[in-house]
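Below is one structure; the comments refer to it alone.
The values are calculated or read from the model by the stated rules, or taken from the named source; none is laboratory data. Computed from a predicted model, the values in this text were never measured in an experiment. In this analysis, Cβ positions are derived from the backbone assuming ideal geometry, glycine residues included, and neighbour counts consider all displayed protein chains. Heavy atoms of the whole protein, side chains included, go into the accessibility calculation; ligands, DNA and RNA do not. Shrake-Rupley method; radii C 1.70, N 1.55, O 1.52, S 1.80 Å.
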Amino acid sequence: QVQLKESGGGWVQAGGSLTLACEVSENIFDFNYMGWGRQVPGTQRELVATITVGEREHYADSVKGRFTISKDGATNTVYLQMSGLRSEDTAVYYCNAHRARYDWWGQGTQVTVSS
C-alpha cells in the first residue's frame, strides 16, 4: 500500500509563503505523476499542481504563477511551494500519487490564510 505523508501546513497571512512536503513510501519515479490537491469542506477536491515522471508541470489556473511543484528522487519527497497566498487558498492540501488507473492520497495538511 502506497503511503503519502504531508507536512508543512499552518497559518499564514495573505501575501505570505508556505512550503508543503510529501514523503512517499515508494520510488516516486514509479508513478505516472505526483500532485497536490486541495479541498474546502462541502466542495470537491481540486487538483492544483502535478508533475510527471518526465518533469512536466501543470497547474490549475487558480494557482498558476504562485505555486511551484517539485520533487526529490533521492528522498522520494514532493514539494509544493506556495507564495502570494490568498484567503481563497485556505483548504486542506493533499498529496497525490497516480499510476495507471489508480490514485493514492495522503491524510492532508491544513493551510489557513488570514486576510
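Among the protein heavy atoms of region 4-111, carbon and sulfur supply 47% of the accessible surface, probe 1.4 Å, non-protein parts ignored. Using a cutoff of 8 angstrom between alpha carbon atoms and counting only pairs six or more residues apart, the relative contact order for the chain works out to 36 percent. Residues whose amide H comes within less than 5 Å of that of Val48, counting only those at least five positions distant or on another chain, are Trp36, Gly37, Arg38 (H built at 1.01 Å from N in the peptide plane). Of the GluC sites (Glu not before Pro) in region 15-82, the ones in a loop by DSSP (not H, G, I, E or B) with at most 11 other beta carbons within 10 Å are Glu55. Taking Ala74, Ala21, Ala91 in turn, the Gaussian network model of the chain (Cα-Cα springs below 10 Å) assigns the largest fluctuation to Ala74. Note on the chain: the alpha carbon radius of gyration divided by the globular reference 2.2 N^0.38 Å gives 0.99.
For the chain, the solvent-accessible area works out to 54 Å² per residue, with a probe of 1.4 Å and every protein chain left in place.
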